[in-house]
1. Taking the conditions exactly as written (within 27 Å of N313 (Cα to Cα), within 19 Å of the chain's Cα centre (by Cα) and part of a helix (DSSP H, G or I)), does Q99 satisfy them or not?
2. For residues that are within 30 Å of V109 (Cα to Cα) and hydroxyl-bearing (S, T, Y), scanning just the stretch 159-209, find the one that is surrounded by the fewest Cβ atoms within 10 Å (Cβ to Cβ).
3. Inspect all residues belonging to the stretch 67-89 and state whether any of them is within 26 Å of L158 (Cβ to Cβ), β-branched (V, I, T), at pLDDT 80 or above and buried (at least 21 other Cβ atoms within 10 Å of the Cβ).
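The values are calculated or read from the model by the stated rules, or taken from the named source; none is laboratory data. Note that the structure is predicted; figures quoted are calculated from it, not measured. When we count neighbours, we look across all protein chains shown, and the Cβ atoms used for this are built from the backbone with ideal geometry, even at glycine.
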Amino acid sequence: MVMRSLRTKTKSIMLVVVIVFVLSLVTMYIARGTRGGRPSAEGDYVVAKVNGEKVMRSQIDKAIRNMAESMNVEELDPKHIAGMRKSVLNNIAIYQELQKEVKAKNITVDEQEINEAVKRIEKGFTTKEAFMAYMQNNNIKMEDLKKELRERLAQQKLITESTSNVEISEEEVKDFYEKTKDYFFKKPEGYEVIYARFKDEDAARKFRELLSDKISWDNALSEVKNSLTNSTEAEKPVFVSSSDFAGSLKAFADLELGEIGGPQKIGENDYLVLIKKKKEPARVLSYDEVKDDVVGILKNEKRQQAEQEYLANLLSRADIQIVDEQYFTPPAEVSSDDAQPSGDNIEGNTEEKTSTDS
């Protein structure tokens, strides 16, 4: 599967363009049947059917292997593997039902959306040339990648449209704020600061000198903009906690309000000039200050719940037939003293079993 071939370089980026729901990590690595691949290893057989389509043991084992690799897990506990197999099977069923819904509701993805998704993947590589070389070395054709992205984005659109009608009442927002304000919305003691960071020490020194000569902050920035990597505007200070001045910004800890600090080297080709503008005492942020954030938190939570309910409903529609019950049944007892993994270990072990293909 095209997306599986790219997983090492792009797994974090792929989460942006594939469906995000419980077990989505597994879904990313599910091969749709044996399309585009070789027949599976010796001993492969049908373990289930979804809507009449065969699901092979190798298909599920490979999905679990890929998931384990993505999580840097070398060996899985045998007593958990059966449950993971069932989860993969359920996600295969959800995938099929999503495809039905996409087709029924005529959900489309235009070329611009596809190209933007490709660009997000490209950003996971040092250069576009490195991305293209990776594609070529792994025998991934651009048209195949775009086809898969089209499917994934269409599914994402479907879920978003089906779960977008989420409303949060004022009462819910206030209740959440009152219950959590002392935990989530307590602002520590600190300072409002303005700063500028430079890739060149000489430019940082020149900037400080300009400020010392009473040149305005923004005008001084314009004089050294070619070396500037990051900065605040004079009238838009940012908050830095006192604990940061006791740690990573210790060189500025004793800086007086309004005094110019730096340039201080804080990294390779990274020089900081900073001014403390105002001291802020520790306090609990007011309801009005955080209302929008609370609404966002609660909406996100409700959307996730709605997505899970929607996908659970799709799963209930699917016709799932278990062909090999034993494959999906946890072992009765597993000794923790066993040095070697059992036959259920995912590292390539398959029983030489012939399906009674029904």
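1. Values: within 27 Å of N313 (Cα to Cα): yes; within 19 Å of the chain's Cα centre (by Cα): no; part of a helix (DSSP H, G or I): yes.
Against the criterion (within 27 Å of N313 (Cα to Cα), within 19 Å of the chain's Cα centre (by Cα) and part of a helix (DSSP H, G or I)), Q99 does not qualify.
2. My answer is S164.
3. Yes - at least one qualifying residue is present in the stretch 67-89.
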